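The values are calculated or read from the model by the stated rules, or taken from the named source; none is laboratory data. Model, not experiment: these values are computed from the prediction. Here the Cβ positions follow ideal geometry from the backbone for every residue, glycine too, while neighbour counts run over all protein chains shown. Ligands, DNA and RNA are excluded from the accessible area calculation, which covers all protein heavy atoms including side chains. Shrake-Rupley method; radii C 1.70, N 1.55, O 1.52, S 1.80 Å.
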Amino acid sequence: QVQLVESGGGLVQAGGSLRLSCAASGRTFSSSAMGWFRQEPGKEREFVATINWSDGASYYADSVKGRFTISRDNAKNTVYLRMNSLKPEDTAVYYCAACRIHRQVTTSGYDYWGQGAQVTVSS
């Protein structure tokens with residue numbers, strides 16, 4: 001089992017920044033990559049970004065490319081999502097997830113999920 005705990009969500013004005021953290025514990029060696037997804041009420045969970053633990057290779061959804069940056073600290077088993085130039089449409093619950101295969105962009109590719117962190121961007 002892998003346990004994931006997100007932190008860092010909150011309320012921010014449009015154009016502002018936030019950084020989400022996701023601390024992993026348990027059998028972390030069983031996962032090779034981490035991802036961030038987000039979900040608005042009544043909508044499906046959508047892919048945001050993913051990163052490999054080994055080499056830090058990352059991949060982003062087009063909607064966040066150039067504004068969001070995913071990074072990891074292997075020593076702390078923690079993944080981050082730096083969100084800049086936030087827009088009201090970025091408002092959602094953000095989830096981190098762990099998977100065994102690199103560059104997964106669908107929810108079905110992930111084995112473990114955190115509880116989610118609310119991000120609200122006001123206009």
(request) Can you confirm whether segment 111-119 contains a residue that is assigned to a loop (DSSP other than H, G, I, E, B), at pLDDT 95 or above and either surrounded by 17 or more Cβ atoms within 10 Å (Cβ to Cβ) or touching a Gly at 6+ places or on another chain (Cβ under 7 Å) (or both)? (result) yes
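Restricting attention to segment 57-98, which residues are in a loop (DSSP other than H, G, I, E, B) and over 12 Å from the mean Cα position of the chain (by Cα)?
Here is the first cut: in segment 57-98, the ones in a loop (DSSP other than H, G, I, E, B) are 57, 61-67, 77, 84-87, 91.
Of everything in segment 57-98, those that are in a loop (DSSP other than H, G, I, E, B) and over 12 Å from the mean Cα position of the chain (by Cα) turn out to be 57, 62, 63, 65, 66, 67, 77, 84, 85, 86, 87, 91.
Just for segment 1-56: of the residues that are aromatic (Phe, Trp, Tyr) and not in a strand (DSSP E or B), which one is most open to solvent (accessible area, probe 1.4 Å)? Before the answer, list the steps.
Keep residues of segment 1-56 that are aromatic (Phe, Trp, Tyr), which gives 29, 36-37, 47, 53.
Then drop every residue that is not not in a strand (DSSP E or B), which leaves 29, 53.
Working: 29: 152, 53: 28 Å².
Selected residue: 29.
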(message) Any residue in segment 58-71 that is charged (D, E, K, R) sitting within a Cβ distance under 8 Å of a residue that is in a strand (DSSP E or B)? List the pairs, counting only those 6 or more apart or interchain.
(response) 67/83
(message) Can you report the number of residues in segment 21-43 which are farther than 11 Å from residue 110 by Cα and small (Gly, Ala, Ser)?
(response) 7
(message) Could you tell me how many of the residues in segment 79-110 are closer than 19 Å to residue 27 by Cβ and among the β-branched types (Val, Ile, Thr)?
(response) 2
(request) Select, from 9, 15, the only residue that is under 19 Å from residue 84 (Cβ atoms) and at pLDDT 95 or above. (result) 15
(request) Identify, by number, the condition in (1) surrounded by 15 or more Cβ atoms within 10 Å (Cβ to Cβ); (2) under 17 Å from residue 107 (Cα atoms); (3) among the basic types (Lys, Arg) that residue 67 doesn't meet. (result) (2)
